[in-house]
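The values are calculated or read from the model by the stated rules, or taken from the named source; none is laboratory data. Since this is a predicted model, take the numbers as computed values, not measurements. Using ideal geometry, Cβ is built from the backbone for each residue, glycine included, and neighbour counts are taken over all protein chains shown. To get the accessible areas, we keep the full protein, side chains included, count just its heavy atoms, and leave off ligands, DNA and RNA. Shrake-Rupley method; radii C 1.70, N 1.55, O 1.52, S 1.80 Å.
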2 protein chains.
Amino acid sequence: MNAKKVVERQTGVALWRQIADLIRLSISNGDYDQTGMIPPEIVLASQFGVNRHTVRSALAALAEEGLVQAIQGRGTLIQRKERLSFPISRRTRFAQGLGDQARETEAKLLAQATLAAAGEVAAGLGIAPGTDCIMLDLMRSADGRPVSCSTNFFPADRFPHMAEQVERLGSITKAFAAEGLPDYVRVSTELVARHADADELALLRLSPGAIVIEATAVNADPDGVPVQFARTRFAADRVKLKIET
Amino acid sequence: MNAKKVVERQTGVALWRQIADLIRLSISNGDYDQTGMIPPEIVLASQFGVNRHTVRSALAALAEEGLVQAIQGRGTLIQRKERLSFPISRRTRFAQGLGDQARETEAKLLAQATLAAAGEVAAGLGIAPGTDCIMLDLMRSADGRPVSCSTNFFPADRFPHMAEQVERLGSITKAFAAEGLPDYVRVSTELVARHADADELALLRLSPGAIVIEATAVNADPDGVPVQFARTRFAADRVKLKIET
DNA sequence: TATAGTTGTCTATAATAATAGACATTTCGG
DNA sequence: CCGAAATGTCTATTATTATAGACAACTATA
């Protein structure tokens, strides 16, 4: 594991950010579990072939995230190493999925609107373009740390009060139940990864320049009729998606 | 869809790269399908709130990828818009999965070694640490474009000739068959997204600074005995992972 | 054949990122 | 209690990134 790690210049991604990403990965891989500490700045600088100040920028970013804490004279301690493991299965439920990984999970309603379904949304929900649907923007946190934000669409005729239910119950599963749908299953999920835009940075309180995983999913009732079209953006450095087949 | 798109400064990711990412996403979302062209540089610059030269850097990167082509006097044409859709299911097979999305798929053996299983690998394969396993580094391409690179581990006692078989047959599925295992299933898959390191940039011929999705998977024979531990890095801007449950 | 609307190229300047070196400060072990 | 080994801070310099403006070159169309 002492192989020289490599970073690239002139890539549009600053060296300190590439290094921060790699160190974060090493932490979550358990590479430093023996000591519970990051190697000294000088050592890292030589491993990555950069100046010590560049490494310091990377460590400052990780400290900002609360991942490490530098102590003068001693070294840089690892504070947290977990990535939440988020299961994706036929019955994907946010709160249940995280299970005992977090003491407390929360879904907060950021925005709502009723609008005409179009393009991808109409196709996903299997309704005619122009049909009314309810849009809800949600932010999900575990133990106070934002994990994902999502934009959700529901057919307005079938679930007229989704917004109020979600607001009141803090859960889509519970809102569906209150609207008379006790069970639903995931019928498709597509994943894409990209850099976060400014909205997502702010919402998810990401260290700027971070990566999001965008999951586009359709949920259906037991008869196979689509009930939800969702686009969820996960903070890529906080979650690991675990696919259950 | 004409909402002002947002990019962040001082993030460690250059503006032109963030913009290139967003434009690439818009292309693959079909936002510009009506015209088949990217909006004029001036328009993009105002949408993103940056200088025209910054947009030009982003477009130059996309042109380098072969995604767009600028024509003086006319505009910037979209050359390709596809992301390969890569299915992840109980029976994940590279070539079959891509199906008719590519005329030709290839698996190239980059490196091989026999070494003692340790840590994650031993745990994944369910063997005692120290037991010999065969490691194969593969690069997979579709129609000549690299799609993923992977590091694979197999128990050495059960599949002693995997390296030769894969080299000869150009496929893990066929190599397993030749070694007497006609069928196998995916038992676990974990996904993480991060910036590509220099090795991955070179291997996958990525535009530098790009994102990779790292899938860590275990395959098992029909009896549930693990036969393969694989860590696959996908070029995030070339694939969409489709989860089939 | 003008002309509006594009992309291409050049120069100049400012802001940010990276390197380099020196030295202060703190912790910990001998 | 000294000294080695860390992190913290400061100054200076260079390279890269971003902005700004002007104008050339090309395309399509009225």
Based on what the data block shows, is B:THR173 over 18 Å from B:MET135 (Cβ atoms), within 14 Å of chain A (Cβ to nearest Cβ) and either in contact with a Phe, Trp or Tyr (Cβ under 9 Å, 6 or more places away or on another chain) or not acidic (Asp, Glu) (or both)?
-> no
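Which residue out of B:GLU8, B:GLU82, B:GLU106 is at pLDDT below 85 and within 16 Å of DNA strand D (Cβ to nearest atom)?
On the way: B:GLU82 fails: within 16 Å of DNA strand D (Cβ to nearest atom); B:GLU106 fails: within 16 Å of DNA strand D (Cβ to nearest atom).
Result of the check over B:GLU8, B:GLU82, B:GLU106: B:GLU8.
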Of residues in the stretch B:61-72 being without any contact (Cβ under 8 Å) to a residue 40 or more places away in the chain and within 10 Å of DNA strand C (Cβ to nearest atom), the one nearest to the other protein chains (Cβ to nearest Cβ) = B:ALA63
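Which is at pLDDT below 85 and either buried (at least 18 other Cβ atoms within 10 Å of the Cβ) or within 14 Å of another protein chain (Cβ to nearest Cβ) (or both), of A:GLY144, A:GLY97, A:GLY124? Full working, then the answer.
On the way: A:GLY144 fails: either buried (at least 18 other Cβ atoms within 10 Å of the Cβ) or within 14 Å of another protein chain (Cβ to nearest Cβ) (or both); A:GLY124 fails: at pLDDT below 85.
Result of the check over A:GLY144, A:GLY97, A:GLY124: A:GLY97.
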Could you pull out the residue among A:SER57, A:SER46 that is within 10 Å of another protein chain (Cβ to nearest Cβ) and either surrounded by fewer than 17 Cβ atoms within 10 Å (Cβ to Cβ) or within 11 Å of DNA strand D (Cβ to nearest atom) (or both)?
-> A:SER57
Kindly indicate whether B:ALA116 is under 22 Å from A:ASP31 (Cβ atoms) and either outside the structural domain of B:ARG238 (by TED's automatic domain parsing) or open to solvent by 10 Å² or more (accessible area, probe 1.4 Å) (or both).
-> yes
From (1) closer than 30 Å to A:VAL13 by Cβ; (2) touching a Cys at 6+ places or on another chain (Cβ under 8 Å), pick out the condition that doesn't hold for B:SER148.
-> (2)
Taking A:SER28 as meeting all but one of (1) more than 14 Å from DNA strand D (Cβ to nearest atom); (2) open to solvent by 60 Å² or more (accessible area, probe 1.4 Å), write down the number of the exception.
-> (2)
Pair list, Cβ under 7 Å, 6 or more apart: the stretch A:31-44 residue away from DNA strand C (no atom under 15 Å from the Cβ), other residue in a loop (DSSP other than H, G, I, E, B) = A:ASP31/A:MET1; A:ILE38/A:TYR32
Name the helices (runs of 4 or more DSSP H) wholly within the stretch B:160-245 that hold at least 1 residues that are touching a residue at least 60 places away in the same chain (Cβ under 8 Å) and surrounded by 20 or more Cβ atoms within 10 Å (Cβ to Cβ)?
-> B:172-178
